[in-house]
Each structure stands twice: as structure tokens, then as C-alpha cells.
Amino acid sequence: MKVIGLAGWSGAGKTTLIVKLLPVLRARGLAVSTLKHAHHAFDIDRPGKDSFLHREAGAREVLVASAKRWALMHELRDEAGPDLAGLLRQFSSCDLVVVEGFKRDRHAKIEVHRVGNGKPFLFPDDRDIVAVASDAPPPPFVGTLPRLHLDDVEAIADTVVARALSLDATLRELAAR
């Protein structure tokens, strides 16, 4: 299993890029999983559903299963949230995990930058960035990093495959910082 992140400011187009990237990677024969960072309380359950009632009644974990999918919800209660390394260890075997967000963590990342956001580039302050995907040419300080256009999904897929690190190498990087 290999890991690569897509990092950038809110509104840069990370989710849009992942949605375009996944079919391209799957067409190349890769089994791809994703990990999305949420900055706020979120809920994948709906009030009134049995699983919601189980969780509200105090269950620490609720696993919902059908013939089409299953989902495990883990309620943190008063626990600290898991770090990126802990979350990566939760995945079943696959070829590639694409991490959306977690821009402050130390793992290989492609910066997604949209000029219209008016936000600065994360690189060069973030030395874990291995490429920059933008809707405009990145500034000279990007140096020798691969520069990709946000609409060139094939080139971004090539870079994802080439720059993703093994899970073990990613976990070592996360532990070293």
C-alpha cells in the first residue's frame, strides 16, 4: 500500500481533483482508498435511524452492514481524535490511499493551489510537498518540483503513482516529526 496526500487551502479544488483522479487511477488497475480530513463535527448517520439511536445511547462503535456496503462508526466520546498514522493503519489492503487534507502532517503531498483563492502557496514552507498542481503557473520558488495544471488529470495521476510512498515509509515519516 502506498500513500500520497492532496493538500491545499479550503476551496483550492482538492475534492474536485480527487473525484476526477479516482476513475483514472482505477482505469490503471489500482485499488484506491481515500482519507478525508474534516475540520468540524460531522455525521454520516441520520437522526431516527437505528444506528444513530445505538450511538446516541452510548455505543462506542456501531457497524452497519448490508449486501452492498458496510460502515464502522467510532464515537470518540472524551477521547482525543486519532492522528494520521492511526487512521492509515485502519485501512484494508489496497494499492493506494489518497489523503485529502492533513496539510500540517509530515507525509508526501501534492499541493493543490487555485489562484482565485488568494491564498499563498504552502511550498516552500512545507518541505513534504512533492509536486504542485495549480490553475496557473506556479511562481519560480517552486523550483524543480513537478508543476502540473489542475486540468491535466493524467499527468497528476502519473505524479501520484510516481511520488506516493509506501505505508511503512509514510508511518516512519509521521513518527519522526
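Residue by residue, here is whether (1) at positive phi; (2) in contact with a helix residue (DSSP H, G or I) (Cβ under 9 Å, 6 or more places away or on another chain); (3) in a loop (DSSP other than H, G, I, E, B); (4) aliphatic (A, V, I, L, M) holds:
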site: Ala67; (1), (2), (3), (4): no, no, yes, yes
site: Glu79; (1), (2), (3), (4): no, no, yes, no
site: Leu87; (1), (2), (3), (4): no, no, no, yes
site: Ser93; (1), (2), (3), (4): no, no, yes, no
site: Arg106; (1), (2), (3), (4): no, yes, yes, no
site: Lys119; (1), (2), (3), (4): no, no, yes, no
site: Ala136; (1), (2), (3), (4): no, yes, yes, yes
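Output the residues belonging to the range 90-115 that are in contact (Cβ under 8 Å) with a residue 60 or more places away in the chain and exposed (fewer than 15 other Cβ atoms within 10 Å of the Cβ).
Phe91, Ser93, Cys94 - these are the residues of the range 90-115 that are in contact (Cβ under 8 Å) with a residue 60 or more places away in the chain and exposed (fewer than 15 other Cβ atoms within 10 Å of the Cβ).
Quick grid of which residues meet (1) more than 20 Å from Lys109 (Cβ to Cβ); (2) under 23 Å from the mean Cα position of the chain (by Cα); (3) of a type in the set (D, E, K, R):
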{"site": "Ser51", "(1), (2), (3)": "yes, no, no"}
{"site": "Gly58", "(1), (2), (3)": "yes, no, no"}
{"site": "Val64", "(1), (2), (3)": "yes, no, no"}
{"site": "Ala67", "(1), (2), (3)": "yes, no, no"}
{"site": "Trp70", "(1), (2), (3)": "yes, yes, no"}
{"site": "His74", "(1), (2), (3)": "yes, yes, no"}
{"site": "Arg77", "(1), (2), (3)": "yes, no, yes"}
{"site": "Gly86", "(1), (2), (3)": "no, yes, no"}
{"site": "Ser92", "(1), (2), (3)": "yes, yes, no"}
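Taking the range 30-65 only, how many residues are more than 26 Å from Phe102 (Cα to Cα), in contact (Cβ under 8 Å) with a residue 12 or more places away in the chain and in a loop (DSSP other than H, G, I, E, B)?
Looking only at that region, the number is 1.
Under 6 Å by Cβ, and 6 or more places apart or on different chains, what pairs join a residue from the range 159-173 that is assigned to a helix (DSSP H, G or I) with one that is of a type in the set (Lys, Arg)?
Correct list of pairs: Glu173/Arg106.
Using the structure shown, decide if Ala71 is of a type in the set (A, V, I, L, M, F, W, C) and loosely packed, with under 12 Cβ neighbours inside 10 Å.
No, not satisfied.
Readers should treat all values here as calculations from the given coordinates under stated rules, not as data from a laboratory. Small disclaimer: the values here were computed from a predicted structure and weren't measured. Don't worry about glycine lacking a Cβ; one is built from the backbone with ideal geometry, like all the others, and counts go over all protein chains shown.
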